Amino acid sequence: MADGLPGVPPPDFYLASSEDLERAPNACHVTRRLASEHRDDLLLVWLETPILARDAGQLGETEVWQVILATRFQGETLFPIVRWPTFVNVFRSRIRIGDADRVRTADLALWDLGALYQTLEAATANTW
């Protein structure tokens, strides 16, 4: 991870998978808020370390540098995050997002369940 490297801002938070416990927590940088036809509280984040993903019917793996987060529980928010950890659904976009501020739900694929932590130490402990 790029923590402490010149020119790289500190992460906004860390994402730990609740599905793949062997995957190290990933430092996340907020890109922007997104909306879909069903919710207006999606968060596009850039990952400091890409996650390798294999798509059905595709040979090889793809590096995923951006994911879209949505809170898992009613009453939780990402704007701002007020409770740690915050539990999220992690989505991949099936299309290039570019500068758009809206996405179609049909273009999102649920990829993982995770939790957001303020520190790497808390994310590494991965305790709820």
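The values are calculated or read from the model by the stated rules, or taken from the named source; none is laboratory data. Worth saying up front: this structure is predicted, and the values here are computed from it rather than measured. So basically every Cβ, Gly included, is an ideal-geometry build from the backbone, and we count neighbours across all protein chains shown.
Here are the numbers:
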| item | result |
| --- | --- |
| Selection count, region 16-36, where residues are at pLDDT 90 or above and exposed (fewer than 12 other Cβ atoms within 10 Å of the Cβ) | 0 |
| Some residue of region 37-60 being in contact with a Pro (Cβ under 6 Å, 6 or more places away or on another chain) and either within 22 Å of residue 14 (Cα to Cα) or surrounded by 15 or more Cβ atoms within 10 Å (Cβ to Cβ) (or both) | no |
| Region 108-126 - residue that is surrounded by fewer than 15 Cβ atoms within 10 Å (Cβ to Cβ) and part of a helix (DSSP H, G or I) and, of those, modelled with the highest pLDDT | 121 |
| Options 70, 16: the member that is of a type in the set (Gly, Ala, Ser), within 16 Å of the chain's Cα centre (by Cα) and closer than 20 Å to residue 122 by Cβ | 16 |
| Any hit, region 89-97, residues being modelled with pLDDT of 90 or more, farther than 20 Å from residue 53 by Cβ and either surrounded by 11 or more Cβ atoms within 10 Å (Cβ to Cβ) or acidic (Asp, Glu) (or both) | no |
